[in-house]
Every structure is written in C-alpha cells, then in structure tokens.
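The values are calculated or read from the model by the stated rules, or taken from the named source; none is laboratory data. If you're wondering where the values come from, they're calculated on a predicted model, not measured in any experiment. Here the Cβ positions follow ideal geometry from the backbone for every residue, glycine too, while neighbour counts run over all protein chains shown.
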Amino acid sequence: MTAIPFDNSFARLPDRFYARLAPEPVSAPSLIKMNHGLARRLGLDPATLETPEMVAALGGNHVPSGAEPLAQAYAGHQFGGWSPQLGDGRAILLGEVLAPDGARFDIQLKGSGQTPFSRRGDGRAPLGPVLREYIVSEAMAALGVPTTRSLAAVATGDRVYRETIEPGAVLTRVASSHVRVGTFQFFAARDDLEAVRLLADHVIARHYPEAAGEPDPILALLKGVIARQAALVARWMALGFIHGVMNTDNTTISGETIDYGPCAFMDGFDPMRVFSSIDHGGRYAYGNQPRIAQWNLARLAQSLLPLLSGDEDARLAAAQGAVDAFPDHFQAAWLAEMRAKLGIEGAEEGDAGLIEDLLSIMAEAEADFTLTFRGLADGSARDRFPDPRRFDKWAQAWRERGGRETDALTRVNPAYIPRNHLVEAAIASGLNGNFDPFEELLAVLSDPFTDRPEHAAYTQPPKPEERVYQTFCGT
Ligand code: AMP
Ligand code: MG
C-alpha cells in the first residue's frame with residue numbers, strides 16, 4: 001500500500017522555482033509523535049505512517065514512493081531588510097496530497113539537511129524548536145486559527161550544534177501550500193514576469209479559484225490575500241498571539257500562520273509586548289502586527305504590479321487601493337472577533353471604544369489576557385484587577401451594551417492556550433527523554449474551550465520564577 005498518495009503540482013512548475021534534491025539521511029530515526037487526527041484528515045492511515053519504513057522516510061532516510069522532493073526558492077524582507085535569496089535552507093517538500101474532501105496539502109520535512117539555499121546553516125532542526133512548533137501549531141489549529149500543521153516529529157539520533165548541543169529532529173509540516181509573499185518577491189526582483197505569472201496561476205488555482213473569473217484575476221488574487229491576512233492577524237490579536245518574526249518570507253499566500261520560531265502567547269497584557277530575542281526594535285511587537293502585515297502585503301502588491309491590467313497609472317492605483325483597504329478589512333475582522341469575545345451582538349457605534357477601554361484597563365493592570373476574557377463568562381474577570389473599580393465601571397458599560405455572563409463566551413474565549421512556561425517545561429522534559437508532559441500538553445490544548453477541572457493548572461499564568469521573558473528562533 002502506498003503510504004502517501006502524492007500528487008505534486010509544485011514540482012510541475014519550471015526548474016527555476018526550486019532545487020530538486022532528497023533529504024539528507026540521519027543516523028537513527030525514531031518516532032516521537034504521530035498526529036493521528038491530522039493523518040486521518042489527510043486521508044492517510046496512521047498505522048502505515050508509523051511503520052519503521054515510513055518513520056525512516058519522515059526522518060529523511062529514503063524518499064517515499066511518489067514523492068518528488070525539492071527545496072523551494074524564495075526571497076524576503078527580514079526585519080525590513082531585503083534578502084534576494086532565502087529559500088528552503090532546512091526543509092524539503094516531499095510533495096502534495098489530496099485529502100478526501102479534495103483539499104490539497106503540502107507534506108514538507110523541516111530539519112532535513114542542507115540544500116542549495118542553506119547558506120551557512122546546517123539544514124538541521126534541534127529537538128526543542130521542533131517540539132515547540134508541534135505544540136503551538138497544533139494548539140493554533142484547535143483554536144480555529146488558519147495555520148500550518150504538524151503531522152509527525154521524528155528524532156534523528158544526531159546532534160545539532162547551537163549555543164548548546166541538542167538532539168536533532170525532523171518535523172513533518174503540513175500546509176495548504178508553502179508559497180509566501182517572498183516567493184513572489186524572488187521572481188519579481190529578477191524581473192522574471194513569466195515566473196510571477198506562473199506562480200500567480202498556481203496559487204489562484206490552489207487557493208483563490210474564484211479570482212480566475214474576475215476581470216483582473218491578479219488584482220483579485222491580491223485582494224484575496226489581503227482579506228485573508230487581515231482576518232488572520234485579527235484572529236491573532238484576539239488570542240493575544242505574537243508571531244514574532246513577520247518577515248515577508250513568513251507571510252503565506254494561503255493566509256495560514258507559518259513559522260513558529262519566536263512566537264508566544266501573552267500572559268499579562270501589554271499592547272507592545274515583544275518576546276523574540278532578536279527583535280530589538282520591537283518591530284514585531286503585538287500592537288504592530290496589523291501594520292506590519294499591511295507592509296508585507298504592500299511588498300506583494302509591488303511584486304504583482306507589472307501583471308495588473310491597464311496602463312501604468314491604472315495598475316498603480318489598483319495596487320495602492322488594494323493595500324490601502326487593509327486597515328478597513330482588519331478593523332472589520334477585529335471588531336467581529338472582539339464583539340464575539342465580549343458576547344455582544346450586532347454592531348453599534350461605541351463598540352470599538354468599549355473594546356479599547358477594556359484593553360486599556362487590562363494593560364494598566366497587566367491583567368492576564370486569556371483569563372480576563374475567559375472570566376467574562378463567570379464573573380471572575382474582575383479578580384484580574386488589583387483595584388477592580390475601573391473594571392466594574394467598564395462592566396457596567398458592557399452590560400448596558402448587552403454583555404452578559406453566559407456559556408456562549410466560553411466557546412470563543414479559550415481556557416487553555418500554549419503558555420510559554422508550559423511549552424518550555426514540556427520541551428525541557430522532552431530534552432531529558434521524557435515526552436509525557438509534551439503529550440499531556442498536546443492533549444489539553446487539543447480542546448481549548450472545555451473546562452476540565454483536572455487540568456486547572458494549565459489555565460494558570462506562570463509563577464514569577466516560571467516566567468518566560470524571551471523566545472528564540474532556535475534555527
Ligand atoms: P526562518 O528564520 O526560519 O524564517 O528562516 C529564514 C531563512 O533561513 C530560510 O531561508 C531558512 O531556510 C534559513 N535557515 C534557517 N535555519 C537554517 C538552518 N539551520 N540551516 C540552513 N538554513 C536555515
Ligand atoms: Mg521562515
């Protein structure tokens with residue numbers, strides 16, 4: 001039986017889109033985790049994926065039947081600085097599968113060895129960041145956030161040399177595609193308009209089929225990506241999620257979250273919170289995420305500009321108009337998210353102010369983001385404020401607007417998020433060979449909206465000595 005029935009559309013694009021090569025073998029592949037639920041969603045049999053042969057394949061030791069392994073080319077703006085050539089330096093796309101519902105997914109190995117795009121890197125991934133990406137990406141999926149997923153984690157039996165020596169691992173990442181804003185930039189920067197057009201056709205067929213019927217399909221594509229990214233970032237904001245490395249190569253065309261390097265969920269609310277150790281200027285701080293997303297989308301608009309229809313003035317006006325519409329898309333999506341979090345129906349003039357007022361008193365008290373919103377359901381939000389008078393005043397306005405303590409609120413405001421200290425503890429234990437905390441954390445996070453008293457500890461913010469102040473890319 002074929003373990004993975006591949007159907008590889010990206011590999012049918014011209015040679016300059018990638019480098020064809022196989023993963024580099026590892027010493028002793030062993031399975032850390034197989035995501036049975038995701039396997040089934042993809043139409044794959046988890047038991048077949050767990051055979052020694054497939055575990056070895058997911059470690060990179062042989063190419064599974066039907067795969068056409070390749071490293072994708074892309075460029076990108078990193079912290080605002082232009083890098084004309086990035087590409088998969090430590091990842092290999094094995095190919096794509098069609099799920100039973102017809103949805104197409106990339107199957108990619110991350111940490112699979114050097115490629116022509118590795119520059120000075122070793123192409124490997126340490127175990128810690130692999131566990132981190134597994135936990136946080138799966139938590140995001142359970143929270144309903146569009147995201148890449150984690151199908152498997154395989155230990156390599158090899159060491160990876162970073163600040164410390166860590167065991168190596170390979171993550172099997174699943175995405176509806178890995179095409180990024182930086183993929184378009186790669187070709188646009190080379191004035192390879194034919195490639196930009198082929199790539200646009202590829203992603204329209206894959207992610208925006210409705211754009212094909214529009215008078216200007218490229219403009220429709222641009223508008224589609226802008227709308228999806230606006231909705232995505234609004235969702236992040238509503239969960240207190242900080243991506244941490246919103247470079248254009250980490251901005252997908254599909255609208256999925258990608259790259260779980262230095263990301264973090266906030267505990268105490270600070271609108272300008274930064275966790276990433278390399279984000280010195282706070283470029284990717286929580287509160288900057290919407291305008292950074294817009295900046296990234298302006299780079300996409302630039303790349304697509306020559307392909308828009310009309311003369312130069314018309315093309316510029318169309319692209320500018322699409323990018324300028326981002327704040328309205330974002331604001332609408334954000335208001336919808338936040339109204340749901342407050343359990344208020346319809347739309348009223350003062351809603352944005354009501355939301356901002358709550359966020360402002362939360363910031364002042366550094367109230368726990370998740371517990372405050374969750375606590376609206378049972379009245380315990382008040383306990384988040386050392387001096388509850390301002391909260392009481394706010395709660396009165398909330399009630400006047402129709403806000404009530406109801407169970408409905410527990411279906412939008414999660415109890416369980418991947419808090420940094422929990423993630424770090426699960427990783428630390430995994431590095432010592434005990435994956436029980438990793439498994440338990442995954443199980444808790446797979447159902448984030450249902451209170452389970454036995455898991456109450458997972459709802460709590462860190463004790464002072466458990467606080468995590470910084471996160472690392474871990475590349
Ligand atoms: P990231 O910071 O994960 O978005 O990666 C940015 C770029 O660095 C991409 O081109 C990666 O493929 C590359 N890269 C990151 N880590 C490594 C590594 N260990 N070896 C080779 N390339 C890497
Ligand atoms: Mg990346």
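Here are a few things to note about the model shown:
- Filtered residue count, region 79-100, keeping only those that are within 14 Å of ligand 1 (Cβ to nearest atom) and either over 20 Å from the mean Cα position of the chain (by Cα) or buried (at least 17 other Cβ atoms within 10 Å of the Cβ) (or both): 13
- Cross-chain or 6+ apart pairs with Cβ under 8 Å, region 400-416 first and buried (at least 20 other Cβ atoms within 10 Å of the Cβ), then part of a loop (DSSP other than H, G, I, E, B) and polar (S, T, N, Q): Ala415/Thr450
- Ala125 vs. criteria within 16 Å of ligand 2 (Cβ to nearest atom), assigned to a strand (DSSP E or B), under 19 Å from the mean Cα position of the chain (by Cα) and among the aliphatic types (A, V, I, L, M): yes
- Scanning region 282-317 for residues that are closer than 23 Å to Gln470 by Cβ and either of a type in the set (D, E, K, R) or in contact with a Gly (Cβ under 9 Å, 6 or more places away or on another chain) (or both) gives Arg283, Tyr284, Tyr286, Asn288.
Condition check ((1) in a loop (DSSP other than H, G, I, E, B); (2) farther than 22 Å from Pro116 by Cβ) across all residues:
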position	(1), (2)
Arg16	no, no
Gly37	no, yes
Arg40	no, yes
Met54	no, yes
Glu68	yes, no
Trp82	no, no
Leu86	yes, no
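- Residue count for region 347-395, restricted to those that are of a type in the set (Gly, Ala, Ser), surrounded by 21 or more Cβ atoms within 10 Å (Cβ to Cβ) and assigned to a helix (DSSP H, G or I): 1.
- Residue among Ala333, Ala317 that alone is surrounded by fewer than 18 Cβ atoms within 10 Å (Cβ to Cβ), hydrophobic (A, V, I, L, M, F, W, C) and within 20 Å of Val225 (Cβ to Cβ): Ala317
- Every pair of residues 6+ apart whose Cβ atoms lie under 6 Å, when the first sits in region 252-266 and is touching a residue at least 24 places away in the same chain (Cβ under 8 Å) while the second is away from ligand 2 (no atom under 13 Å from the Cβ) and basic (Lys, Arg): Gly255/Arg228; Met266/Arg273
- Filter pass, Phe269 being more than 16 Å from ligand 1 (Cβ to nearest atom), closer than 25 Å to Gln331 by Cβ and touching a strand residue (DSSP E or B) at 6+ places or on another chain (Cβ under 6 Å): no
Here's the yes/no breakdown for (1) away from ligand 1 (no atom under 12 Å from the Cβ); (2) touching a helix residue (DSSP H, G or I) at 6+ places or on another chain (Cβ under 8 Å); (3) at pLDDT 95 or above; (4) closer than 20 Å to Asn61 by Cβ:
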position: Gly102; (1), (2), (3), (4): yes, no, yes, no
position: Gln108; (1), (2), (3), (4): no, no, yes, yes
position: Tyr134; (1), (2), (3), (4): yes, yes, yes, no
position: Leu143; (1), (2), (3), (4): yes, yes, yes, no
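- Hits in region 244-275 - residues which are within 13 Å of ligand 2 (Cβ to nearest atom) and of a type in the set (Gly, Ala, Ser): Gly244, Gly261
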